[in-house]
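Presented below is the structure to which this report refers.
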Amino acid sequence: MSGEGRTTKRLKANAALRQIIEDFYADAHRAKAEGRPVGWIPPMNGLIELFYSMDIHPVFPENWAPICAAIGTSVENFARAESRGYSTDLCGYFRNNVGYALDGIDEENQPLGGMPAPDFLISFGAGCVPTMKTFQVLCDHFDVPVFRADLPQVAIEDIREHHIRYGVTQIKRLIGFLEEITGNRFDIDRLSRAVAYTDEACRLWDAIMDTRRARPAPFSAAEIGIMFVMVTRHGTRVAVDFLREVLEEVTGKVDRGEGVIPNERIRLFWDNIPLWYNMRLFNYFEKWDAVVVAETYTSAWTMRMDPDRPLESIAYKSLTSYPMVSCVSLNKRVELIKRAVSDYGIDGAILHSNRSCKPISMGQMDIQRVLLEELSVPSVMFDGDHMDASRFSMAQFQARIDAFMEMLLQRA
Amino acid sequence: MSPRGEDALIIPALEPAGPRRSRQERAVIVTDLLSGTICLSTREGPGPWKGFKAFEQESPVASFPELYEGHAGILERERGEHGRKCVGTLCSYVPVELIHSFGVIPVRIWGRPENVDISDALLQPFICPPVRQLMALGMEGRYEFLDGIVHCYTCDATCGLYNIWVRNLKPGFSHMVSLPYVDIDEARAYAVAELEALVDALESLTRQGFSPESLGRSIALYNEARSLSREVYRLKAGGFRADYLDIHYMNLCAQVLPVETFLPRLEEFVEELPRRGRGSGGRARLLLSGSVINDDSLLAFIEQRGGEIVADDTCLGLRLLGDAIPDREPLESVASYYLGRTPCASRADFPSRKRYILETVGAFEVDAVIFVHQKFCDAHLSDHPFLKRVLDDAGIPSTRLELEGVGFDGQVRTRIESFFEMLEAR
């Protein structure tokens with residue numbers, strides 16, 4: 001078990017997922033070819049439901065970056081960004097997407113055909129600074145219409161009516177912009193249906209994650225790629241149908257007592273974004289009969305939407321998805337991890353100190369202390385980067401993890 | 001109804017400062033603030049303002065460096081003798097007028113490049129030096145005198161710092177404001193709601209009700225301080241002799257002192273500058289761009305080496321000196337001020353960054369720009385290639401320095417020297 005390279009996936013649903021990924025990018029290229037406007041938008045917000053309800057295909061640079069990392073083209077994009085003067089200290093998503101957009105977009109043989117050039121851009125204030133700045137670079141580079149909006153950063157526990165109200169006013173502005181750009185009419189009933197799909201997807205997501213409470217757990221963090229539908233196909237039946245399949249499969253595994261590994265002994269929690277270029281790392285723990293059964297990142301989708309209040313629902317989603325997993329709402333995040341430790345029977349936690357993501361990495365020392373002092377759960381932190389393989393040392397990872405796992409085994 | 005970046009930019013005004021209030025008038029304002037007196041009726045005569053040393057003394061007040069070095073003592077005296085509370089602020093977007101209107105002193109806090117490693121217990125090494133330095137000072141207990149902390153969300157690192165600070169140092173009071181990024185009617189209404197939430201929090205802290213009149217008086221003091229500070233920049237740009245370090249300490253004092261303590265020295269400084277006469281000129285006129293630059297030796301070295309820093313684009317200087325806040329609907333006016341002010345790199349889009357840099361270069365007749373970046377600062381690092389291109393196109397040479405939190409090292413020194421050699425060869 002080297003722990004390097006691509007993960008060994010076990011869920012049958014991965015075959016369907018591969019098709020969904022290909023279809024998503026093929027749909028984007030088809031829209032472009034047919035002259036339907038393609039918009040590049042920031043991730044983790046309620047715009048996606050609006051887009052699908054208006055027959056507009058969204059493109060998410062932040063979803064594209066992990067694909068580049070997994071396939072290996074991120075290295076070329078990093079070099080392109082650096083040659084444009086962008087510091088290597090910047091987030092890997094930023095460097096990949098800027099490098100691709102500025103100098104790589106016309107290159108042939110891009111994975112999945114690449115992202116088709118945008119016909120318009122949605123540029124937020126905040127979200128996280130690198131995402132905000134990525135879109136500012138794109139706005140400067142592409143000579144296309146831009147919709148500028150806000151995404152105020154508010155801790156989830158501090159969200160009040162005026163935040164939602166402001167979100168709704170901006171969505172209404174955006175609707176006007178989209179109608180003008182695309183010529184498509186907004187229909188509140190269609191948005192309501194899209195919101196209902198997202199609500200159902202989130203419900204299924206929670207049910208899928210809940211199956212991991214079972215011992216042995218039916219799947220590990222190595223299958224985190226199923227999150228693709230939560231990022232790109234919210235608001236559609238595609239996500240709901242796929243997640244139903246996944247739920248059926250993992251429930252069956254639980255019923256049959258089939259785990260990721262035959263003799264599960266140790267259950268782990270993972271904090272921060274995975275190393276997209278090395279998803280097989282999650283399998284590394286198996287030599288100690290250990291499985292990663294819960295993560296911070298996957299909890300970004302633990303929410304409910306109200307189809308009867310579609311505008312408010314997507315405003316609320318926009319306000320909460322990112323703070324749920326970042327340091328905007330550190331108390332909430334700590335609370336979430338404490339609950340996961342109890343719900344999933346966690347024996348130890350792996351914290352990825354992620355040089356490419358300050359908002360998610362800040363607060364990890366607090367998390368470690370809470371785990372140990374309040375829950376007696378040991379944890380280990382390793383240095384890495386969710387996009388840039390040159391910032392991750394397998395030897396150092398192994399040294400830290402091996403010692404940690406030995407210690408956990410002695411406690412078990 | 002246009003996004004922020006398309007609006008007119010608020011560039012530093014180069015007109016002379018407006019009519020000034022006398023020291024006594026200012027004292028009355030402050031005393032009213034503290035006593036809860038609403039009426040501004042006693043502007044003549046000594047009034048009940050005795051006890052505010054800053055207004056009583058007729059002898060020259062301390063220099064800005066002296067005031068800054070002694071600010072902890074000044075704050076302690078305000079706390080001890082006048083029972084005023086002090087609230088730490090992490091960012092220039094915290095609406096200080098509002099805090100001041102409750103009689104509370106807003107104190108901008110930052111760190112020093114010493115013992116930074118103790119922050120390792122709470123922060124990773126890839127977090128920017130200013131945030132790590134500040135956390136270190138907080139962990140050392142240097143800010144224990146504060147009654148609380150207020151932040152306004154700007155960048156990821158300070159947002160994380162705020163949360164980690166609150167969890168670990170457990171201040172008695174904490175509040176975060178989240179201002180919008182676009183300057184439209186709905187955004188202003190939202191910003192007012194955010195300010196109202198801060199008002200609620202301050203009412204709980206002080207057990208005082210909010211007074212629009214009191215806020216109006218605080219606004220007047222800050223307006224005056226900003227107007228006089230702009231005047232200092234104007235005088236220096238006009239050739240009157242002042243080191244940028246003088247201005248730097250003026251800016252620091254503006255952030256850490258009660259505004260009524262800061263004003264007398266500022267007024268003297270404005271009066272003193274023309275008496276100093278004009279410099280010989282001939283030095284390269286520079287604009288400094290970055291976030292928090294608190295390294296005296298770097299600033300001094302640049303000017304000793306032959307540059308004249310006449311303008312800045314930092315979290316301490318010109319960008320904070322927007323036009324006067326109007327004397328009406330005070331909460332709305334404060335909201336409009338912070339939304340309309342020249343935005344920082346963490347809040348601005350590229351068009352507004354470009355406009356500020358080019359207009360400042362033009363207004364201050366800048367010859368060259370020095371970017372002083374803190375390592376790992378996402379906002380400034382992301383802007384730099386764009387701004388460099390803008391300056392290249394305008395024929396303005398620029399260089400970039402990167403600070404790693406331990407003072408400016410030999411590499412930075414060499415870079416500055418090379419830059420000046422290049423400028424001299426032009």
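Between B:Phe262, B:Phe126, B:Phe240, the GNM of chain B built on Cα springs shorter than 10 angstrom shows B:Phe126 fluctuating the most.
For a straight C-alpha distance cut-off of 17 angstrom, the lysines reachable from A:Lys172 (same-chain residues fewer than eight places away being disregarded) are A:Lys317.
Amide hydrogen proximity for B:Asp312: with H placed 1.01 Å from N in the peptide plane, the residues at 5 or more positions away or on another chain lying under 5 Å are B:Leu288, B:Leu318.
Ranking B:Cys377, B:Cys159 by Cβ neighbours within 10 Å, fewest first, what do you get? Numbers along the way, then the final one.
On the way: B:Cys377 28, B:Cys159 33.
Starting with the residue having the fewest Cβ neighbours, the order is B:Cys377, B:Cys159.
Can you grab the distance from the C-alpha centre of the range A:333-412 to the C-alpha centre of the range A:137-183, Å, no decimals? Taking the Cα centre of the range A:137-183 as reference, the centre of the range A:333-412 is 35 Å away. For the range A:34-186, the spread of Cα positions along the three principal axes, ordered from largest to smallest, is 44, 40, 26 Å.
Output the peptides B:101-108, A:66-73, A:249-256, A:180-187 sorted from most to least packed, where packing is the average of other Cβ atoms within 10 Å over each peptide's residues. Could you put the intermediate results ahead of the total?
Values: B:101-108: 23.2, A:66-73: 20.2, A:249-256: 16.6, A:180-187: 13.1.
The packing order, highest mean first, is B:101-108, A:66-73, A:249-256, A:180-187.
A P(r) calculated from all alpha carbon pairs of chain A, with 20 Å bins opening at zero, reads 27, 60, 13, 0 percent. Compactness ratio for chain B: Cα radius of gyration over 2.2 N^0.38 Å (N = residue count) comes to 0.95. Straight Cα distances below 19 angstrom link B:Lys85 to the aspartates and glutamates B:Asp32, B:Glu76, B:Glu97, B:Glu144, B:Asp147, B:Asp200, B:Glu203, B:Glu260, with same-chain residues fewer than 8 positions distant left out. Of the GluC sites (Glu not before Pro) found in the range A:279-345, none is in coil by DSSP with at most 13 other Cβ atoms within 10 Å of its Cβ.
Considering only Cα-Cα distances, which of the following residue pairs are longer than 19 Å: A:Lys358/B:Lys354; A:Lys358/B:Lys170; A:Lys332/A:Lys358; A:Lys12/A:Lys287; A:Lys12/A:Lys253? Each step should come with its number before you reach the end.
Values: A:Lys358/B:Lys354 26 Å; A:Lys358/B:Lys170 22 Å; A:Lys332/A:Lys358 17 Å; A:Lys12/A:Lys287 23 Å; A:Lys12/A:Lys253 11 Å.
Those over the limit are A:Lys358/B:Lys354; A:Lys358/B:Lys170; A:Lys12/A:Lys287.
With a cut-off of at most 12 other beta carbons within 10 Å, and DSSP calling the residue loop, which GluC sites (Glu not before Pro) in the range B:397-426 qualify? Please list them. Each step should come with its number before you reach the end.
On the way: sites: B:Glu402, B:Glu404, B:Glu417, B:Glu421, B:Glu424; in loops: B:Glu404.
Qualifying residues, ordered by number: none.
Per the Kirkwood definition applied to all pairs of different Cα atoms, how many angstroms is the hydrodynamic radius of the range A:174-227? Each step should come with its number before you reach the end.
Details: mean 1/r = 0.0711 Å⁻¹.
Result for the range A:174-227 stands at 14.1 Å.
A cut-off of 5 Å between modelled amide H atoms, ignoring neighbours fewer than 5 places along the same chain, links A:Trp270 with A:Ala294, A:Glu295, A:Thr296, A:Ile350.
Looking at chain A alone, DSSP beta bridges between its own residues are antiparallel in about 0 percent of cases.
Inter-chain neighbour count for B:179-189: the average number of beta-carbon atoms from partner chains within 10 Å of each residue's beta-carbon is 5. If both residues of a DSSP beta bridge must be in the protein assembly as shown, then about 0% of such bridges are antiparallel.
Here the mean projected area of the convex hull built on the C-alpha positions of the range B:67-155 is 6.2 nm². Amide H contacts of A:Gly125: A:Ala149, A:Asp150, A:Leu151, each under 5 Å away and 5 or more positions distant or on a separate chain (H built 1.01 Å from N in the peptide plane; Pro and chain starts excluded).
The C-alpha atoms of the protein assembly as shown occupy a region whose extents along the principal axes are 89, 56, 56 Å, arranged from largest to smallest. Build a GNM of chain A with springs between Cα atoms under 10 Å: which of A:Ser87, A:Ser361, A:Ser123 gets the top mean-square fluctuation? Its mean-square fluctuation being the largest, the pick is A:Ser87.
Is there a simple number for the mean count of other chain Cβ atoms within 10 Å of the Cβ of residues in A:241-250, and what is it? Spell out each step's value before the answer.
Values: counts 0, 0, 0, 0, 0, 0, 0, 0, 0, 0.
Partner Cβ neighbours, averaged per residue: 0.
Per-residue mean of foreign Cβ neighbours for A:83-89 is 5 (Cβ atoms of other chains, 10 Å radius). Relative to the longest principal axis of the Cα atoms of chain A, the long axis of helix A:330-344 lies at roughly 50 degrees.
Just the Kirkwood number for the range A:141-259, please: inverse of mean 1/r across all distinct Cα pairs, in Å, one decimal. Intermediate values should be presented prior to the final figure.
Numbers: mean 1/r = 0.0577 Å⁻¹.
Taking the inverse mean of 1/r over all distinct Cα pairs, the range A:141-259 comes out at 17.3 Å.
By the rule of a C-alpha distance below 12 Å, with chain neighbours fewer than 8 residues away ignored, the aspartates and glutamates paired with A:Lys32 are A:Asp119. At a Förster distance of 25 Å, what's the computed FRET efficiency of B:Asn168 paired with B:Gln208, Cβ-Cβ distance as r, to 0.05? It comes out at approximately 0.30.
Working note: Karplus 6.51/-1.76/1.60 with θ = phi - 60° gives the range A:394-403 the couplings 4, 5, 5, 4, 4, 4, 6, 5, 4, 5 Hz, where Gly and Pro are set to x.
So if I take the alpha carbon set of the range A:240-294, get Rg, then get Rh from the Kirkwood formula, what is the Rg over Rh ratio?
Checking Rg against Rh, the ratio lands at 1.02.
GNM on chain A, alpha-carbon springs under 10 angstrom: the most fluctuating residue among A:Leu311, A:Leu371, A:Leu90 is A:Leu90.
In chain A, the longest principal axis of the Cα atoms and the axis of helix A:188-210 are about 10 degrees apart.
Taken together, the values in this text are just the output of simple stated rules run on the coordinates, not laboratory data. Bear in mind the structure is a predicted one, so any value in this text is a computation, not a measurement. Cβ sites come from the backbone with ideal geometry, for glycine too, and all protein chains shown count toward neighbours.
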